[in-house]
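Comments concern the structure below.
Every number here is computed from the coordinates shown, using simple stated rules; none is lab data. Note that this is a predicted model, so its numbers are computed, not measured. Cβ placement follows ideal geometry from the backbone for every residue including glycine, while neighbour counts extend to all protein chains displayed.
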Amino acid sequence: MGCSKCGRPGVIFQEYSGLHLCQQHFRQDLLHKAKKTVRQNHWLVPGTRYAVALSGGPASCALLDFMHTLVGERTDISLIAVTLHNNEPDSMENAKTITESLGIPWFIVPDDNAEIQRGNRFCAPDGSPFPAHASTECQLRHVAEQMKFDALVLGYTLEDHAEWVLRNAISGNTYHKSGYATKTLKRVQITRPFMHIPRKEPDLYTQIFLNGCVENAGADTRVDDPISLLLARLYNRHPGVPYALVNIGEQVRQFRDRVS
Ligand SMILES: [Zn+2]
């Protein structure tokens, strides 16, 4: 099917927009949506050193490329990539290759990092309403002081954000203000540029545009729990559901901001 905007061969059909997009318009669309999220949340602050959480999976590589596009030319903002050491050689190799090709300083946090070990005591994944990413986020917050970064850029997608909203609702947790570490840690702004973008889009972005530097650019293998699996099946049948959940979450947040 041809691109709805220019007629060239399409690479994706977006159920939620009804559009077929070619490579060029797909790239424009993804970057535009991520920039809009960054702008609306006032996440770009001069003088900030941003650390992109780079697992080496395709979505995290797309995230690094997006941040490089956004701030690579700026002299008042700096960008690094941080990877929690893992035993997947392909992921580590991807992270190494993409940081080298973009010229971005890359830091690996070793397994035996003392800060991480201390942090792990506070990072029990089942203690969080958002186990899919909570552990990574928590561990990286604990090295913010060491690696001198002020903001953490995470590859949360639309589905992750929808799941977070739902888990908050199910668990009855107060929809607490996220974004900063606890007072014993360095203050770290948490940013999620892909939070309104379906997961398959950053994966596709990497397959198409970063193919030269990312091996095995298939979809991220994820550690899924029953709720994530149920949601994935639901989204397949009803692609509008994650958007509805995120909208509900936004309304709750606005209500909370008004009353607090
Ligand atoms: Zn097009």
Quote to one decimal, in nm, the extra length available between residue 112 and residue 211 on full extension: 0.36 nm per residue of separation minus the C-alpha distance between them. 32.4 nm
Quick one: if you stick a label point 7 Å off each Cα along the C-beta vector at residue 257 and residue 35, how many nm between them? 2.3
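Which ordering of 50, 243, 205, 16 is given by a fewest-first count of other beta-carbon atoms within 10 Å?
On the way: 50 22, 243 15, 205 27, 16 11.
The most exposed by this proxy come first: 16, 243, 50, 205.
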Just need log10 I(q)/I(0) for region 68-110 at q = 0.21, 0.32 Å⁻¹, Debye formula, equal scatterers on the alpha-carbon atoms, no solvent, rounded to two decimals. -0.70, -1.16
So, R0 is 25 Å and r is the distance between the beta-carbons of residue 250 and residue 44; what FRET efficiency does that work out to, to 0.05? 0.80
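Based on other C-beta atoms within 10 Å, arrange 71, 52 from fewest to most. Intermediate results must be reported in sequence, preceding the final value.
Working: 71 17, 52 28.
The most exposed by this proxy come first: 71, 52.
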Pairwise label distance in nanometres, residue 15 with residue 229, each label 7 Å out on the Cα-Cβ vector: 2.0
Ascending count of other beta-carbon atoms within 10 Å, so fewest first, for 20, 42: 42, 20
Reachable aspartates and glutamates from residue 5, Cα under 17 Å, same-chain residues fewer than 8 places away excluded? 15, 29
Please give, to one decimal in nm, the separation of the simple spin-label points placed at residue 241 and residue 76, each 7 Å out from Cα toward the Cβ. 4.4
